[in-house]
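The block underneath contains the structure these notes are about, expressed in structure tokens.
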Amino acid sequence: MLARLIYASRAPSLRAGDVADILKTSRRNNPACGITGALCYLDGAYMQYLEGDEVDIAKLYAVIERDSRHVAPVVLDRSFLALRTFPDWSMALLRWDERIKAVFHAVSPVQPLDLYRIPADGAASVFRALARTSNWVPL
Ligand code: FAD
């Protein structure tokens, strides 16, 4: 069944090239298992939206959560879906600007903005709202 998983994690020791490497790997691997989605990175935290078959999503997340490039991943949302939000992107990356930060602040008033503290019930609606913006680098 089509499902999504959204998690947040911390990257306290991000190295130059980590995000680019992750996107490159995602672009190489995700199409083969029908996984699409989006990745946000801001100030030491990741938030990733994965969608695809529930079994494939669970397998990929089991790999991702052991990746030493981030720590303490927390699942924010795991649900079944009728339709994909990011059907064309193996893994898009969000470009930040003040307008996009305002979308996040609408669900998370925490200052400064911390992806790790986006409320679970707001995470999916943030991604849905953001999917309609042009601030993604589609990969
Ligand atoms: P490999 O060929 O084993 O590795 C690809 C590259 O990543 C290589 O340069 C390798 O040196 C480097 N690498 C792999 N694992 C580590 C590690 N633990 N620490 C440092 N460098 C490492 N993978 C996906 O396939 N799809 C995703 O959507 C996805 N999203 C991710 C999101 C985040 C926030 C993070 C941290 C990782 C994500 N990954 C994703 C990567 C995933 O954790 C695995 O590294 C990857 O799936 C392994 O695939 P591979 O065996 O084909 O890659």
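The values are calculated or read from the model by the stated rules, or taken from the named source; none is laboratory data. Just so it is clear, the model here is predicted, and its values are computed rather than measured. Every residue, glycine among them, receives a Cβ derived from its backbone with ideal geometry; neighbour counts consider all protein chains shown. Only protein heavy atoms, including side chains, enter the accessible area calculation; ligands, DNA and RNA are left aside. Shrake-Rupley method; radii C 1.70, N 1.55, O 1.52, S 1.80 Å.
Observations, loosely collected:
- 3J(HN,Hα) from dihedral phi, segment 42-56, Karplus parametrisation 6.51/-1.76/1.60, rounded to Hz, x for glycine, proline: 8, 6, x, 9, 9, 9, 10, 10, 10, 9, x, 4, 4, 5, 5
- Between Ala102 and Ala16, the contour length at 0.36 nm per residue exceeds the Cα-Cα span by 28.3 nm.
- Segment Ala82-Asn135, extension gain: residue separation times 0.36 nm, minus the distance between their alpha carbons: 16.6 nm
- When the solvent-accessible area of segment 41-139 is split by element, carbon and sulfur atoms take up 55 percent of it, the probe being 1.4 Å.
- Segment 78-139 shape via C-alpha gyration tensor axes, a/c threshold 1.5: oblate
- The HN-Hα couplings worked out from phi for segment 25-40 by the Karplus form 6.51 cos²θ - 1.76 cosθ + 1.60 (θ = phi - 60°) are 5, 4, 5, 6, 8, 5, x, 5, 10, x, 9, 10, x, 8, 10, 10 Hz, whole numbers, x standing for Gly and Pro.
- Spherically averaged projected area of segment 7-84 from its Cα convex hull (nm²): 5.0
- Dividing the mean sequence gap of close Cα pairs (under 8 Å, 6+ apart) by how many residues segment 1-93 holds gives a relative contact order of 51 percent.
- Placing +1 on each Lys and Arg Cβ and -1 on each Asp and Glu Cβ, with no other charges, gives the chain a dipole about its Cα centre of roughly 180 debye.
- Residue-count net charge about Cys33 - beta-carbon cut-off 13 Å; Lys, Arg +1, Asp, Glu -1: -1
- Take every DSSP beta bridge whose two residues both sit in the chain; close to 95 percent of them are antiparallel.
- Probe 1.4 Å - accessible area at Val103, Å² to nearest ten: 40
- Computed from phi, the 3J(HN,Hα) profile of segment 114-131 under the Karplus parametrisation 6.51, -1.76, 1.60 (θ = phi - 60°) reads 9, 4, 5, 10, 5, x, 3, 6, x, 4, 5, 5, 4, 4, 4, 5, 5, 4 Hz, with x in place of Gly and Pro.
- Amide H contacts for Ala45 (H built 1.01 Å from N in the peptide plane; partners 5 or more residues away or on another chain; cut-off under 5 Å): Ala11.
- Shape call, the chain: gyration tensor on alpha carbons, a/c limit 1.5: rounded
- Solvent-accessible area of Thr25 with every protein chain in place, 1.4 Å probe, in Å² to the nearest 10: 50
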